[in-house]
Amino acid sequence: MIRVLLAEDQAMVRGALSALLNLESDIEVLGSACDGEAAWRELQRLKPDVLVTDIEMPGLTGLELAQRIQRHELPIKVIIVTTFARPGFLRRALDAGVSGYLLKDAPAENLAEALRTVHRGGRAIDPQLALEAWSEADPLNDRERQVLRLAGEGQSAGDIATALNLSHGTVRNYLSEAIGKLGVANRIEAYRLARQKGWL
């Protein structure tokens, strides 16, 4: 039996995925969570073989969950099922040790097949996205990404400095580095471009 935990913030999608997977004789859905922190607690309690997670969720994102699983060396495989066909997300997912990356508009039977492949130790990655992921590297480092994300959410340099425990000048430097690397005019354009590419 492949024991699965689902993490998805949309109740209808979560229910549909659960019903779909429970039709398979070799897959058991142990439980589900509607946000990243709840998923993290359930992972530790239920100890599934595979976590099937969305990327964008309240609390922790699916990518942050995967990073936490990797950091704690938990023996849990991760499959991301998302609407985001962005190469930057896939690259970050692979760096976080994710074994599967599927798009929500893929045929339903692909998910069960992906679970079997990943459970056996293989990888299940959307092939078109895999090709695109290696065509353009993410130029941002982690700090630039953090600062740019907060700036894009409307926080001032002072607020960002306080939130990340940095000096005001350091925040400005990270922002100007990110703007320069992305070849745009200002922080708003930098944020938009980085979001579009899946680098944030």
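The values are calculated or read from the model by the stated rules, or taken from the named source; none is laboratory data. Values in this document were obtained by computation on a predicted structure and should not be read as measured data. Neighbour counts are summed over all protein chains in view; Cβ atoms, including those assigned to glycine, are modelled from backbone coordinates with ideal geometry. Areas reflect the complete protein model, heavy atoms only, side chains present, ligands, DNA and RNA absent. Shrake-Rupley method; radii C 1.70, N 1.55, O 1.52, S 1.80 Å.
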Item to complete: Name every residue in the stretch 40-56 that is in contact with a helix residue (DSSP H, G or I) (Cβ under 7 Å, 6 or more places away or on another chain) and open to solvent by 20 Å² or more (accessible area, probe 1.4 Å), in order of residue number.
Response: Trp40, Asp49
Worksheet item: Can you pull out the residues in the stretch 160-183 that are over 17 Å from Leu200 (Cβ atoms) and open to solvent by 80 Å² or more (accessible area, probe 1.4 Å)?
Response: Thr162, Asn165, His168, Arg172, Asn173
Response to the item:
Only one of (1) of a type in the set (A, V, I, L, M); (2) within 18 Å of the chain's Cα centre (by Cα); (3) at pLDDT 95 or above does not apply to Leu60, and that is (3)
Discussion item. Taking the conditions exactly as written (touching an Asp or Glu at 6+ places or on another chain (Cβ under 9 Å) and outside any helix (DSSP H, G or I)), does Ala106 satisfy them or not?
Written reply: yes
Item to complete: May I ask you to list the residues in the stretch 69-103 that are farther than 21 Å from Ala137 by Cβ, open to solvent by less than 50 Å² (accessible area, probe 1.4 Å) and outside any strand (DSSP E or B)?
Response: Ile69, Ile76, Ser99
Discussion item. Kindly evaluate Ile125 against the criterion of being farther than 16 Å from Ile27 by Cα and modelled with pLDDT of 90 or more.
Written reply: yes
Discussion item. Could you check the stretch 1-19 and list, in sequence order, the residues that are open to solvent by 40 Å² or more (accessible area, probe 1.4 Å) and of a type in the set (D, E, K, R)?
Written reply: Arg3, Asp9, Arg14
Worksheet item: Do we have Arg172 as over 22 Å from Phe89 (Cβ atoms) and either without any contact (Cβ under 8 Å) to a residue 24 or more places away in the chain or charged (D, E, K, R) (or both) here?
Response: yes
Fill in: Close pairs (9 angstrom Cβ cut-off, 6 or more residues apart or separate chains): at positive phi and open to solvent by 30 Å² or more (accessible area, probe 1.4 Å) in the stretch 118-130, among the polar types (S, T, N, Q) and modelled with pLDDT of 95 or more anywhere
Gly121/Ser99
Discussion item. Residue under question is Glu144, and the condition is that it be among the charged types (D, E, K, R) and open to solvent by 60 Å² or more (accessible area, probe 1.4 Å); does it hold?
Written reply: no
Worksheet entry | Criterion violated by Ala38 - all others in (1) small (Gly, Ala, Ser); (2) more than 17 Å from Ile76 (Cβ to Cβ); (3) not in a loop (DSSP other than H, G, I, E, B) satisfied | (2)
